[in-house]
Amino acid sequence: MTFIDIVLRRPSYGWQDKSGKLVKPSHRQIFSEFFKRLNVVSDKRNWLPFMSWLKVLCMVPFLGLFIGKFFTIPLLCAAFIYSMFIMGTHGTIWHHRYCTHGAYKFRNHFWRFVTQNLTISMIPEEIYVISHHVHHAKSDKPGDPYNAEGGFLYCFLADVNHQPIATDLSESQYGRVKSLMAHTGIKANTYEQYLTWGSYQHPARATLSWILNWGFWYGTFFLLGGHALACAMFGAAGFWAVGVRTFNYEGHAKGKEKQRVGVDYNHKDKSINQLWPGIVAGEWHNNHHLYPKSARSGFKPYQLDSAWYYIKLLSMVGAVSSYHDSKELFYKRYEKPHRLANEKMS
């Protein structure tokens, strides 16, 4: 068993059957696993997925106040832009391209901290980063924590059922987890603390970070537009946090073969380039699977990449010291040969 095989907490229904095929649990099995892993009374090591969903639940009152008391068309437009474009782009910039793939490097800790807290905090870095490394290693295969072939719920509830790190890693294995997370700036638990809490991050530090981030952003939005704007933005953040859990199911074509010639060039998995995620968040997913360490995934002229624009801007002002850009390689290895082949055929 390799590190990738054991780093995530195995669900009770397993990843694969005896023949090596993906286990497709029933809805009942998925929900049973979900509520079991949210139970912090029976096992305090469930604290991180519990906190992740608690953040979502905390957004419900804000959303309710916005809809029931403060609703206006301008605020709705602001909430839409914040949820779709700002939260989406930040997820790509921070969680995806930096924390997971190290596609660029910050000049100093200040710019890393600013980028981390550009938006209302919703997703724990630890849950995203480690599981996403597994996703790329086992994409659309048994063990992929959000394998689209497992169905919508398999992906939607993956942050609880499939993405947390295992609670029984050896000290050396936990050391590898620490090496994958070190550049994020999130302070690591000692191995003894990890055994106690079952996580890379300590719950006290995670809670403090949550309070400070939400306090700063609620205060900022309140100063800009009172409780009305603050409730609209926090409700929008909660809406995004639910919606983003559907992405990998859609981004891997719901487990079906939907790749298009001349659009999707990576054929090692079922990832596809989708127009809407690309426009709002710079997430051209097939391109990303082709070059996961690239700070840019919008390679073609029509493929807008707001995350890349932010990274490039920080590079221009000296806040980002280096980055990987695979656009030229993409054109050389994939787009140009495909275009020349088509010209010969015509």
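We did not get these values from a lab; they are worked out from the coordinates using the rules stated. Remember, predicted model here, so these are calculated numbers, not experimental data. Cβ placement follows ideal geometry from the backbone for every residue including glycine, while neighbour counts extend to all protein chains displayed.
General observations
- In a DSSP loop and with at most 15 other Cβ atoms within 10 Å, there are no GluC sites (Glu not before Pro) in the stretch 114-191.
- Check: the chain dipole with +1 on Lys, Arg Cβ and -1 on Asp, Glu Cβ, in debye: 400 debye
- Helical segments meeting 27 Å axial Cα length and Kyte-Doolittle -0.5 threshold in the chain (DSSP H): 47-65, 203-243
- Residue range of the chain that is longest and free of trypsin sites (Lys or Arg not before Pro) which are both DSSP loop and sparsely packed (at most 13 other C-beta within 10 Å): 22-186
- Over the stretch 180-244: Rg over Rh, Cα atoms, Kirkwood Rh: 1.13
- For L8, the residues whose amide H sits under 5 Å from its own are A166, ignoring neighbours fewer than 5 places away on the same chain, with H placed 1.01 Å from N.
- For the stretch 1-89, the Cα-based Rg and Dmax, in that order, read 19.3, 56 Å.
- From phi via Karplus (6.51, -1.76, 1.60), per-residue ³J(HN,Hα) for the stretch 271-279 in Hz, x at Gly/Pro: 4, 9, 7, 10, 5, 5, x, x, 5
- Based on C-alpha pairs under 8 angstrom that are at least 6 apart in sequence, the chain has a relative contact order of 24 percent.
- Shown is the FRET efficiency for I73 and R107, computed with R0 = 35 Å from the Cβ-Cβ distance and rounded to the nearest 0.05: 0.30.
- Distant-in-sequence amide H partners of V320 (H built 1.01 Å from N, under 5 Å): R107, S315
- Farthest toward the positive end of the dipole of the chain, out of T89, Y291, V23, is the Cα of Y291, where the dipole comes from beta carbon charges about the Cα centre.
- Every Cα-Cα pair of the chain was included, and the share exceeding 35 Å stands at 23 percent.
- Counting only residues at least eight positions apart within a chain, or on another chain, the aspartates and glutamates with an alpha carbon under 19 Å from that of K18 are D5, D140, D144, E149.
- Normalised Debye scattering of the stretch 20-136 at q = 0.14, 0.15, 0.19 Å⁻¹ gives log10 I(q)/I(0) of -0.87, -0.96, -1.19, counting only Cα atoms as equal scatterers and leaving out solvent.
- Residues of the stretch 1-20 falling in the label zone of R176, defined by backbone nitrogen less than 20 Å from a point 7 Å along Cα to beta-carbon, are 1-11, 15-16.
- Taken as Cα centroids, the stretch 62-89 and the stretch 17-43 sit 34 Å apart, rounded to the nearest whole angstrom.
- Mean ellipticity per residue at 222 nm, deg cm²/dmol - from DSSP H runs of n ≥ 4 across the chain, formula -39500 (n - 2.57): -15000 deg cm²/dmol
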